[in-house]
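> Dropping the structure in here first, questions after.
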Amino acid sequence: VLATTADNPTFLGIHPSLPLLFSVSELDDFQGKSQGAINVYRIHGDSGELEFINQQPTAGAAPCHLSIDNSGKFVLVANYTGGSTVVFPIAADGSIGKHSCLIQHEGSGPNPLRQEKAHAHSVNLTTDNKFAYVADLGTDKIWVFEFDSEQGKLIPATPAFASVACGSGPRHFDLSNDERFAWSNNELTSSVTCFTRDTTSGQLTPVQELSTLPTEFKGQNSTAECRLHPNGRFVYISNRGHDSIAVYSVANNGQLTLIEIEKTGGKEPRNFYILPNGKWLIAENQNSDSIVVFAVAADGSLTPTQHSITVGRPVCIRQLVHN
């Protein structure tokens, strides 16, 4: 059932306590400027219908990722083409105000086609709202910020970033449940980097890098999503090209061991979602118009359930988990 329409809505987020859905419109031209938009909708729980509340320009082109802080007062957006991160206040009525902070990232990487400048690809917050992490595909950096959750400001931490291997192109990012470790999938080299994290300073230190592909695969591939299982024991990375999800176990030191690489039964799996009970993983095959369900075993491995639906070019899925 169609809930609403929007211009190129490529990433979604659910408010932590209110029935609100946030979506970026990944545009290069909005209101006559080089920027996209951030939209907010009220979710009607009885029908799932979305009621548009308002939108704001993102002050940077191609917004591709968002996170809502745990207080529910701010939404943070990564602008891919714009190479920037922007913060917006959320009003009591659910509407989005004008941005309270804009950080323009600078730098480049060795890949002239993909890393000619900064390309912010995701923004993630710690559960205590003290730190924000921005994976920047263009600069091979995870930018580290202190987050002022009263004013909605980002302040560069010291050190201001952690680097991944040259030319890797970090895309998405996730933290361990105790936030002592973190992982980033690298889009350009089909790999995942493991970091240790200083919980006081926010500093990240890369300690491991693994491939997301089987050794015999020789085709073109790029990774898309990186997500931790709710129990904290497994990390999942999607492969676009090999069309699969790589499954890793997490050791006590945060480092990963490959369990399996499971095909998704479609083309270009992008985002995926693990239900809070940890029993089911829902993957979206963007270029074959399918959403498929996998059972998650006790060892983290995935088994196709043969349950799927057809949806035109699905790229992001979320579940309303609060009342």
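> Taking the Cα centre of the chain as origin and charging only Cβ (+1 Lys, Arg; -1 Asp, Glu), how large is the dipole, in debye to the nearest 20?
Rounded to the nearest 20 debye, it is 140 debye.
> Ok, one more. Among T223, Q306, S249, whose Cα sits farthest toward the positive end of the charge dipole of the stretch 187-321 (+1 at Cβ of Lys/Arg, -1 at Cβ of Asp/Glu, about the Cα centre)?
Q306
> At a 1.4 Å probe radius, carbon and sulfur cover how many percent of the accessible area of the stretch 1-125?
Roughly 51 percent of what the probe reaches on the stretch 1-125 is carbon or sulfur.
> Which order do the peptides 28-36, 138-146 take when ranked by the mean count of other beta-carbon atoms within 10 Å per residue, highest first?
My ranking of the peptides, most packed first, is 138-146, 28-36.
> Please list 265-272, 195-202 highest first by mean number of surrounding beta-carbon atoms within 10 Å per residue.
Descending mean neighbour count gives 265-272, 195-202.
> While we're here: Among the trypsin sites (Lys or Arg not before Pro) within the stretch 51-132, which fall in a DSSP loop and have no more than 10 other Cβ atoms within 10 Å of their own Cβ?
Those that pass, being in a loop and sparsely packed, are K98.
> Still on this model: Which lysines, on any chain, are close to K130 with Cα under 21 Å apart, when same-chain ones fewer than 8 places away are left out?
K73, K141, K153
> Would you mind checking the radius of gyration and Dmax of the stretch 211-293 based on alpha-carbon positions, in Å?
Values for the stretch 211-293 (Cα only, Rg and Dmax): 12.5, 38 Å.
> What is the Cα radius of gyration of the stretch 125-212 over 2.2 N^0.38 Å, N being its residue count?
Dividing the Cα radius of gyration by 2.2 N^0.38 Å gives 1.03.
> Also: To the nearest 20 debye, what is the magnitude of the charge dipole of the stretch 89-159 about its Cα centre, counting +1 on the Cβ of each Lys and Arg and -1 on the Cβ of each Asp and Glu?
160
> Over the stretch 177-218, what number does the Rg to Rh ratio reach, with both radii from the alpha-carbon atoms and Rh per Kirkwood?
1.11
> Further question on the same structure: Based on the mean of other Cβ atoms within 10 Å per residue, sort peptides 309-319, 76-86, 170-180 so the most packed one is first.
For the peptides 309-319, 76-86, 170-180, the packing ranking is 76-86, 170-180, 309-319.
> Mind listing which trypsin sites (Lys or Arg not before Pro) in the stretch 208-240 are in a DSSP loop and have 12 or fewer other Cβ atoms within 10 Å?
K218
> How far is it, in nm, from the label point at N231 to the one at D198 when both lie 7 Å from their Cα along the line to the Cβ?
The answer from the label model is 3.4 nm.
> Just want to confirm a number: the relative contact order over the stretch 198-292, from Cα pairs under 8 angstrom separated by 6+ residues, in percent.
20
> Over the chain, what is the mean sequence separation of C-alpha contacts under 8 Å (at least six apart), divided by residue count, expressed as relative contact order in percent?
Across the chain, relative contact order equals 9 percent.
The values are calculated or read from the model by the stated rules, or taken from the named source; none is laboratory data. Computed from a prediction, not measured in an experiment: that's the story for all the values here. Every residue, glycine as well, gets a Cβ built from its backbone with ideal geometry; the counts of neighbours run over all protein chains shown. Heads up: the accessible areas ignore ligands, DNA and RNA and are worked out on the full protein's heavy atoms, side chains in. Shrake-Rupley method; radii C 1.70, N 1.55, O 1.52, S 1.80 Å.
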